[in-house]
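One structure is given below, encoded as structure tokens.
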Amino acid sequence: MARIVVIGAGAAGMSAASRAKRLKPSNEVIVFDSSRWVSFALCGIPYYIGGEVSELEDLLYYPPEEFTKRGIDLRLGKAVVEVDPDSKTLAYKDVKTGSVEKITWDKLVLATGARSKAPKIWPEVREAENVFYIVHLDSGKYIKDYAKALGPGKRAIVVGSGYVGLEIADALMKLGLKVTVLEALEQVAPRVLDPELAKALEARLRESGVEVVTSAPVEQFEIVNGKARAAVTPKGRFEGDMFVLGVGIEPNNDLAVQLKLRLGASGAVITDDHTLSSNPDVYAVGDVAEHRDLVTGQMVWRPFAQVANKMGHVAGSNLGGVESVFPGSVGTSAFKVFGMVVARTGLSKPEAEKYGFKPVEVSLEAGTKAHYIAGGSELTLKVVADEKTGRLLGAQAIGLDDSVFWRVNTVAALLTTKGTVWDLFVADYGYQPLLAPVWDPLVVAARLLMRTFGEKPFK
């Protein structure tokens, strides 16, 4: 019987634990987490704050007792503080009593996730009672409770205009707060959209009542009597009643360093396609791990939920005696704020150039339903392909229709299999007037690309 110890009870850790136990019931599976939560969905925190989700417990995929029924030894409220790769022992501390115990392991799954860099960037905020950043599921409750106690009309300052910051901004406005978003770079959503599409998103934010300030890196926070009073930027002081820092995360790699694992440029653990680290007895999954980008072939760090779940599944399968691989991802992400859907996959044109491709990009605006159907809307779609091979490299889209998300997902599927411009054209998309035009925007994009690439695939 092998003793498998999983450190971290989030999506990746519990996916690994459940799979390893299901496939090989003789495995002894122990899971440690410093919190009281298991199998939680941090991505759902904005919807709890904004009221779409009524209870914090609703963000759990399964309650703790479900995993206990499966024969998994859950040790919640226990923080692993030390790991020795040579003796295969670890020490864990009870977060309430402070008592420390040790345990041995045969196989280890590192699923320690990511952490906010906010306390490092702005150490003055650590003790400020009105400054918040996502640490764990409970962070959602702290933000919501504080915002509701302030009441409508008070001012919230959100630092960062990535998907976390903008989703939090949307949620706080639903509670009646006034919101200012401060972005250090020249555009909103800088890691998701190119400048042109970012302008459309910024316009939507402003129309919805959000004050947006770009090129405004926060230099410091003014703290008075244990509360932040203002964020100081090159563009001036921005006073607020509460502050949410939706910017800057890093791999929670302290234990990985103790284990002497090979780390990538991001600080995350480098893994192979079996999710194994440089130590053959240690797997690394989720936000603490790097994996391969299927477009560039480079190792990347993508702290995305869908990646974490798949990596956990693969690790658990291998630990359960069924060989499984996770070849990598193509960088697909999406969010929806103030009714606008934003999605991307793969590389933008500038990113493709950076990686040595010679990209061709097309951009179009198109309807999402047949032209004779009322109630449709338009989306803006960009698709990028490699001039040399016709291989698809990426896409991004924005619009008010949820099909923005699914069209980018379609491109993501093609990127995963190294699909081409011609694959994008000939794919048999379904047609129904209430749901899509007969010339789907993806087909139109392919036709535009074929003006450069020709009607037939390269030989």
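What follows is calculated from the coordinates using simple rules that are stated; it is not laboratory data. Since the structure is predicted, the reported quantities are computational estimates derived from the model, not experimental observations. For neighbour counting, all protein chains shown are included, and Cβ atoms are generated from backbone atoms with ideal geometry for every residue, glycine included.
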Percent antiparallel among DSSP beta bridges (both partners in the chain, rounded to 5): 65 percent
Of the DSSP H helices in the chain, those whose Cα atoms cover at least 30 Å axially and whose Kyte score averages -0.5 or more: none
Per-peptide average of other Cβ atoms within 10 Å, ordering 11-18, 415-422 highest first: 11-18, 415-422
Selection from Pro46, Ala118, Ser87 lying farthest towards where the dipole of the stretch 45-126 points positive, charges on Cβ: Ser87
Neighbourhood net charge (13 Å Cβ-Cβ; Lys/Arg +1, Asp/Glu -1) for Met299: -1
Helix-only [θ]222 nm of the chain, DSSP H runs n ≥ 4, -39500 (n - 2.57) each, per residue, nearest 500: -8000 deg cm²/dmol
For peptides 448-459, 297-308, sequence by mean Cβ density within 10 Å, most packed first: 297-308, 448-459
Loop sites in the stretch 48-108: chymotrypsin sites (Phe, Trp or Tyr not before Pro), DSSP, at most 16 other Cβ within 10 Å: Tyr61
Those aspartates and glutamates that a straight Cα-Cα span of less than 17 Å connects to Lys96, excepting residues fewer than 8 apart in one chain: Asp33, Asp138
Gyration tensor verdict on the stretch 1-141 (Cα atoms; rounded if a/c is under 1.5, prolate if a/b is larger than b/c, oblate otherwise): oblate
Mean Cβ count within 10 Å, highest first, over the residues of peptides 392-405, 237-250, 355-368: 392-405, 237-250, 355-368
Listed residue (Pro359, Ala370, Met450) projecting farthest to the positive dipole end of the stretch 340-453, Cβ model: Pro359
Normalised contact order of the stretch 266-316, rounded percent, pairs of Cα under 8 Å and 6 or more residues apart: 36 percent
Cα centroid separation - the stretch 15-68 against the stretch 293-328, whole Å: 19 Å
Estimated translational D of the chain in µm²/s (Stokes, Kirkwood radius over Cα pairs; 10 °C; 1.306 mPa s): 67 µm²/s
Rg/Rg_ref, the stretch 118-245, where Rg_ref = 2.2 N^0.38 Å and atoms are Cα: 0.99
About the Cα centre, charge dipole magnitude for the chain (Lys/Arg +1, Asp/Glu -1 at Cβ), debye: 300 debye
The stretch 340-453, Rg to Rh (Cα coordinates; Rh as Kirkwood inverse mean 1/r): 0.96
GluC sites (Glu not before Pro) within the stretch 24-95, DSSP loop, no more than 14 other Cβ atoms inside 10 Å: Glu52, Glu55
Positive-end residue, the chain charge dipole about Cα centroid, Cβ charges, pick of Met1, Gly316, Leu415: Met1
Cα gyration tensor category, rounded, prolate or oblate, for the stretch 198-338 with a/c compared to 1.5: prolate
Out-of-range pairs (alpha-carbon distance over 20 Å; input Lys388/Lys459; Lys120/Lys178; Lys148/Lys227; Lys388/Lys418; Lys120/Lys227): Lys120/Lys178
Check: the stretch 91-160 dipole with +1 on Lys, Arg Cβ and -1 on Asp, Glu Cβ, in debye: 220 debye
